[in-house]
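Presented below is the structure to which this report refers.
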Amino acid sequence: MQIEVVTLFPPMIAEALRFGVVGRALASGRLRVGTEDPRDHTCDPHRTVDDRPYGGGPGMVLKPGPMLAAIRAAAARLPAGSPRVCLSAQGERFTQAHARELAGLPGLLLVAARYEGMDERVIELGIDRELSIGDYVLSGGELPALTVIDAVARLLPGVLGDERSSAFDSFSDGLLDWPHYTRPEVFEGLEVPKVLLSGNHADIDRWRLAQAVWRTWRRRPELILGRELPPEAQRLLNEFLAAEADGEDDRG
Ligand code: 4GO
């Protein structure tokens, strides 16, 4: 897959992608990431990319000319039809479903704005879709763009080894993750749950699913409400609800 990022700070993208799973995806060629700097599409000696907002008010707005030229230059390196996505707090909330959808594409263009944002006409002319990583305001779109790249890269074929298949991820089945433990067996007086030492893989799988269902119900009930759970997960949730009604309080 090829991803292009339009950014005033190309090193912020390149440096952040050098590490871990994404770094290896790049090294192996399964993912390619390029950048395009709008400043390279200016004509004045000061290489000006921002200007004062029409209507007044604080802050600066990205000038449309250099932004759109950068978007077009980056898009020209991608397969035709690659979506042009801008990261902004006004966008649709980015989810694992978006990550899966984008990971199925050969190309993706991400546009990271700065200052107060882009001239609205650039969004009209050069952006297909706006995504937001959450309800907070950041000083630039680079961290959201990196978030999207990370979430997408780890879903590309061959990027995670089979021993760490993304099929087992929290959210791949719409539930939160179960708790994880490694050695030692007792740490600062806290023991690893006995079932995980039992070697009984059916029991372990059942325990993990129960933990995932109970935690999700406790912490993020909206992930369960309004959807159908697989039968075994639903059975575990019913067990949890029955125990809760009995006043037990040792789950999730
Ligand atoms: C994206 C971009 C927040 C998000 C941003 C988000 N803030 N929640 N700020 O995904 C305009 C200039 C957008 C700075 C950028």
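Return the residues of segment 109-155 that are among the aliphatic types (A, V, I, L, M), closer than 21 Å to Gly59 by Cα, more than 6 Å from the ligand (Cβ to nearest atom) and open to solvent by less than 40 Å² (accessible area, probe 1.4 Å); say none if nothing qualifies.
Of everything in segment 109-155, those that are among the aliphatic types (A, V, I, L, M), closer than 21 Å to Gly59 by Cα, more than 6 Å from the ligand (Cβ to nearest atom) and open to solvent by less than 40 Å² (accessible area, probe 1.4 Å) turn out to be Val111, Ala112, Met118, Val122, Ile123.
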Test: Arg84 is in contact (Cβ under 8 Å) with a residue 40 or more places away in the chain, closer than 23 Å to Ala153 by Cα, of a type in the set (Lys, Arg) and in the same structural domain as Pro10 (by TED's automatic domain parsing): yes
Single unsatisfied condition, Trp214 versus (1) on the phi > 0 side of the Ramachandran plot; (2) free of Cβ contacts under 8 Å to residues at least 40 places away in the same chain; (3) surrounded by 15 or more Cβ atoms within 10 Å (Cβ to Cβ): (1)
The one condition in (1) assigned to a helix (DSSP H, G or I); (2) out of contact with any strand residue (DSSP E or B) (no Cβ under 6 Å at 6 or more places or on another chain); (3) surrounded by 14 or more Cβ atoms within 10 Å (Cβ to Cβ) that Ala202 fails to fulfil: (3)
Sole exception among (1) open to solvent by less than 30 Å² (accessible area, probe 1.4 Å); (2) under 22 Å from Ser139 (Cβ atoms) for Pro64, by number: (1)
Near pairs, Cβ below 9 angstrom, 6+ apart or cross-chain, from segment 189-204 (under 18 Å from Leu236 (Cα atoms)) to any residue that is among the small types (Gly, Ala, Ser) and open to solvent by less than 70 Å² (accessible area, probe 1.4 Å): Ile204/Ser198
Hits in segment 159-216 - residues which are under 30 Å from Gly29 (Cα atoms) and aliphatic (A, V, I, L, M): Val159, Leu160, Ala167
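Among the residues of segment 162-183, count how many are open to solvent by less than 70 Å² (accessible area, probe 1.4 Å) and assigned to a loop (DSSP other than H, G, I, E, B).
Narrowing segment 162-183 to residues open to solvent by less than 70 Å² (accessible area, probe 1.4 Å): 165-166, 169-170, 172, 174-179.
Going one step further and asking which of them are assigned to a loop (DSSP other than H, G, I, E, B), we end up with 165, 169-170, 172, 174-179.
Final tally of qualifying residues: 10.
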Filtered residues of segment 76-102 (kept if of a type in the set (Gly, Ala, Ser) and surrounded by fewer than 19 Cβ atoms within 10 Å (Cβ to Cβ)): Ala76, Ala80, Gly81, Ala89, Gly91, Ala97
Failed item in (1) more than 16 Å from the ligand (Cβ to nearest atom); (2) under 18 Å from Gly141 (Cα atoms), with Val49 passing the rest: (1)
Any chance Gly158 is open to solvent by less than 30 Å² (accessible area, probe 1.4 Å), part of a loop (DSSP other than H, G, I, E, B) and touching a residue at least 12 places away in the same chain (Cβ under 8 Å): no
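The values are calculated or read from the model by the stated rules, or taken from the named source; none is laboratory data. Owing to the predicted nature of the structure, the values given are computational and were not obtained by experimental measurement. Don't worry about glycine lacking a Cβ; one is built from the backbone with ideal geometry, like all the others, and counts go over all protein chains shown. What goes into the accessible areas is simple: the full protein's heavy atoms, side chains included, and nothing from ligands, DNA or RNA. Shrake-Rupley method; radii C 1.70, N 1.55, O 1.52, S 1.80 Å.
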